[in-house]
Amino acid sequence: MPKAILRIIRRTIGTTAKTARRAAEIEPFEVMDVLSRAHALEAAGRHVVHMEIGEPDFTAPPAVVEAGIRALREGLTAYTAALGLPRLREAIAQHYATRFSRSVDPGRIAVTAGASGGLLTAAALYVDAGDEVLVPDPGYPGYRHFVRAFEGRPRTLAVSAAQSFQPTLDMVRAAWGPRTKGLLLGSPSNPTGTVADPAELARIAQFVAHRGGVLIADEIYQGLVYGRTPATALDLPGEVVLVNSFSKYFCMTGWRLGWVVLPPDRVRDFEKLAQHFFICAPSAAQHAALAAFTPATLEVLEGRRTEFERRRDFLVPALQRARLAVPALPAGAFYVYADCSALGGDAGAFALELLEQEGVAATPGLDFGAHGTAHCLRFAYTRHLADLEEGAARIARFCATR
Ligand SMILES: Cc1ncc(COP(=O)(O)O)c(C=O)c1O
């Protein structure tokens, strides 16, 4: 049919297709408003200190970059197996042996397109329409959305500073109902940087196993802990799925690479889903990641971890001096979750005014849920210490006027 006639038909009848309810229901990221305003200010010549960004300011370690370039030059860019390069799955298994003295069968490891690909496929694997999955509030917003994407119902656990913003057994037990399929949590947590207590997590895992549920542990910030050794939920009893990523500790956000450790008899189903959803994770990134676990690269990454710790140790007291309360000291990730109740309390307005007046961008707590989030903000220390010092001085000046 000629295009002109098609245009007339379209104009007369209008568009008829409706999008799915989930598209209308999904909440936007509040921080995007902050980000677009920050960009507008920068375009107008203002200097902005970015403390809203949840990704390392470091790029991938040099050996990883070189391996990536080599892979591109050698044309290693074809699809890989859906579960990933066997050599990378072995390297990841070896990482558990070296770092945690734990033996994992590489056959249980699926390489994914970031933790996001892992979480999405894990949600597809376990969630049927109407199933409930418990998620922490505040927590990473993706948890809710991945469950909802498969017509599941995220049921929030209102976590507070008193429990280091991590679910407790009592909370899980109280929230568990006939349609509950499992629990999805992150440790260290985004946005609070708090770490789950291993003993409490073990009790929760026992309970979930007893109820025949699944525990999905998002360990994306695993290497980034301060003053303690990194932990893994690998040994917990029952149906446990570990989600991890090269994005944060390995500083490879845009390479889109992560992994999942599955119960042995779930690997095939996960593989089928991954084949159709993604075909495979990016192949050049997989070849590059083979260089991520060498002692030399890990030394680079440990140096960066120490730098993050230095930044945290600067930022927490600096915010406190400005009268932003830090209800739970972050022991991991690269975030400080701070409470502005003493300074007006509306964190959304606080973030926009802080940006407008002082050129400091932070993430309003509402992005992370509904429980006590309206008066909280997340500050990321993913910027050089000198930038953070400048940001902290501006924050102090701003808070002094409130
Ligand atoms: C807690 C948490 N989980 C998962 C993700 C997704 O990470 P990626 O897909 O880059 O691995 C993020 C990203 O910020 C996160 O903070």
- Can we say Leu377 is part of a helix (DSSP H, G or I) and in contact with a strand residue (DSSP E or B) (Cβ under 8 Å, 6 or more places away or on another chain)? no
- Task: Looking only at the stretch 181-214, count how many residues are more than 15 Å from the ligand (Cβ to nearest atom), in a strand (DSSP E or B) and under 26 Å from Gly365 (Cβ atoms).
- Result: 1
- Task: Name the residue, out of Pro167, Pro178, that is in a loop (DSSP other than H, G, I, E, B) and under 24 Å from Arg378 (Cα atoms).
- Result: Pro167
- Query: What pairs come up if the first residue lies in the stretch 100-128 and is under 17 Å from Ala233 (Cα atoms), the second is of a type in the set (Phe, Trp, Tyr), and their beta carbons are under 6 Å apart, counting only those six or more places apart or on different chains?
  - Reply: Arg102/Tyr96; Val104/Tyr96; Ile109/Trp259; Ala110/Phe270; Leu119/Phe146
- Message: So, in the stretch 215-244, how many residues would count as being touching a residue at least 12 places away in the same chain (Cβ under 8 Å), part of a loop (DSSP other than H, G, I, E, B) and away from the ligand (no atom under 16 Å from the Cβ)?
- Response: 8
- Flagged in the stretch 245-291 as more than 14 Å from the ligand (Cβ to nearest atom), among the aliphatic types (A, V, I, L, M) and assigned to a helix (DSSP H, G or I), in numbering order, are Val267, Leu273, Ala274, Ala284, Ala288
- Item | Those residues of the stretch 330-365 which are part of a helix (DSSP H, G or I) and within 16 Å of the ligand (Cβ to nearest atom), in sequence order | Gly365
- Query: If you scan the stretch 287-334, which residues turn out to be acidic (Asp, Glu) and either in contact with a Cys (Cβ under 7 Å, 6 or more places away or on another chain) or more than 30 Å from Arg402 (Cα to Cα) (or both)?
  - Reply: Glu299, Glu302, Glu307
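Read-outs: derived from the displayed coordinates by stated rules, not from any lab. For clarity, every value in this text was computed on a predicted model and none was experimentally measured. Counting neighbours? That spans all protein chains shown, and the Cβs are built from the backbone with ideal geometry, glycine included.
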